[in-house]
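Bear in mind these aren't lab numbers, they're just calculated from the coordinates by the rules spelled out. Fair warning: this is a prediction, and the values are worked out from it, not measured in the lab. As a convention, Cβ positions derive from the backbone with ideal geometry for all residues, glycine included, and neighbour counts pool all protein chains shown.
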Amino acid sequence: MSTHSTRSARLLGAALSLCALASVTPDTARADDCRDPSQLHGDPLQSASFVVVAAKQLYRIQDRPFAHIPTGAKLLVRAPSGVTEADLHRAALCNPGTSSPLSVPGAQLTVRRSGDLYELHVTADKRSAALEIQQRAAALQR
């Protein structure tokens, strides 16, 4: 075998080894894995340990013709100590109640920390779903 073909064979072997290593994924819990034993149980938006401090309707502005298009709602939630953004996100996605804004078909969730509160942005692409989210969010404050 010539030196050139030996080098080519070694490079090919190294490339195949790297491809095999790259295809192995680490065993980590996903944010939407509802089987995680550390998750919170029950709908956090309707739980006694979580307090919905405020709900605000979210809109996007359309330039021409000028209009406010509903996109969903922002909920300010006070969580118990020790609860992280990831915990709240997982619990909200895994356990939405039937009257929760999160159970509206097409609802999307974003969780952000805001001081000692959490902002839950529940949005939807369809106008009808966004209006339903806004109605359900307003009902949580009562």
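Remarks
- With contacts taken as Cα pairs under 8 Å and at least 6 residues apart, the stretch 51-140 reaches a relative contact order of 33 percent.
- Fewest-first ranking of V77, V83, V51, using other Cβ atoms within 10 Å as the exposure measure: V51, V83, V77
- Applying 0.36 nm per residue to the separation of D125 and R78 and subtracting their alpha-carbon distance, the gain on full extension is 14.2 nm.
- The residues E119, E132, when put in order of fewest to most other Cβ atoms within 10 Å, stand as E119, E132.
- Each of I61, I133 was scored by other Cβ atoms within 10 Å of its Cβ. Arranged with the fewest first, they read I61, I133.
- Once the C-beta distance of A138 and F66 is scaled by a Förster radius of 30 Å, the resulting FRET efficiency is 0.75 to the nearest 0.05.
- In the stretch 51-140, inverting the average of 1/r over every pair of distinct C-alpha atoms gives 13.4 Å as the Kirkwood radius.
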